[in-house]
Amino acid sequence: MSLLSTQNLTVRFGGHVAVNNVTCAFEPGTLTAIVGPNGAGKTTYFNLISGQIKASAGSVMLGGKDISALGAPARAQAGLGRAFQLTNLFPNLTVRENVRLAVQARAGAGLNLWRIWSDRRDLTEKADEVLAAVALSDRRDALASSLPHGDQRKLEVGILMALEPQVFMFDEPTAGMSVDEAPVILNLIRSLKADKTKTILLVEHKMDVVRELSDRIIVLHNGELVADGEPAAVIASPVVQQAYLGINPEEEATA
């Protein structure tokens, strides 16, 4: 049984259909890349799955349960972990405090930083383990707002890891990162992919990243699902060559 699925998922903004009747299932132990040209509906599809926006029609299922009526916080609690194009941190808390809040939330220990700090050393130790995994141990006492962009992205992945979701959703995880910074995030995603109980969804424009990381690619175009399959086959398909890469196979053949 699929861990996550959407059935006829649709959203309309006035007369514009941004996502149109998308039915798709995602299995544990797989990384699915969601690609398409700008305006194709990729991030909107993500927002529908994670509950940032409400669907006009259709449903979202997680672990066999319909979560369509749940808002974003409840979906996160149910097991959907989402990283955004822009970092989503507590800027005036330290790096360790950001991760510790996520650890406490996962443990059902509340969000009182100061009481838990003294009473639950195990939670602090867990937070430090996560910081080590994302190579931020040496920045644990720095304010999140003081971190360079690449380290903020690493911290956001650390927060997701601390929440231990069933599904990891990454929306342009290397956006705004330098050539030197991006591999750190990609290595973190690789390490998450090694856990075959998890499902990973990735929206990414960089096709070299998509080719390397994905087990499967789905393509959205004008809000509709137009291709779905193994990376090599999907990338080579005429619909993707034309819609995503801007190549017309017929013109190439006659050139």
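The values are calculated or read from the model by the stated rules, or taken from the named source; none is laboratory data. Bear in mind that the values here come from a model prediction, so they are computed numbers and not experimental data. Virtual Cβ from ideal backbone geometry, glycine too; neighbours counted across all protein chains shown.
Here are some notes:
- Screening the range 211-231 for residues that are under 19 Å from the mean Cα position of the chain (by Cα) and farther than 12 Å from V35 by Cα and picking the one that is surrounded by the most Cβ atoms within 10 Å (Cβ to Cβ) gives L213.
- Condition check for S118: at pLDDT below 95, out of contact with any helix residue (DSSP H, G or I) (no Cβ under 7 Å at 6 or more places or on another chain) and either surrounded by fewer than 16 Cβ atoms within 10 Å (Cβ to Cβ) or not polar (S, T, N, Q) (or both): yes
- Of all residues making up the range 43-81, the number that are within 19 Å of F13 (Cβ to Cβ) and touching a residue at least 40 places away in the same chain (Cβ under 8 Å): 14
- When residues of the range 136-174 are limited to those that are in a helix (DSSP H, G or I) and in contact with a Gly (Cβ under 7 Å, 6 or more places away or on another chain), the one modelled with the lowest pLDDT: H149
- Among the residues of this structure, S59 counts as one that is part of a strand (DSSP E or B) and not basic (K, R).
- When we screen L4, L9 for residues that are surrounded by 20 or more Cβ atoms within 10 Å (Cβ to Cβ), within 30 Å of H149 (Cβ to Cβ) and modelled with pLDDT of 95 or more, the only hit is L4.
- Residue match in the range 219-227 (condition: touching a strand residue (DSSP E or B) at 6+ places or on another chain (Cβ under 9 Å) and more than 21 Å from I49 (Cβ to Cβ)): no
- When E181 is tested against (1) loosely packed, with under 13 Cβ neighbours inside 10 Å; (2) over 18 Å from L4 (Cβ atoms), only condition (1) is not met.
- Which numbered condition V134 misses (of (1) in contact (Cβ under 8 Å) with a residue 60 or more places away in the chain; (2) aliphatic (A, V, I, L, M); (3) buried (at least 23 other Cβ atoms within 10 Å of the Cβ)): (1)
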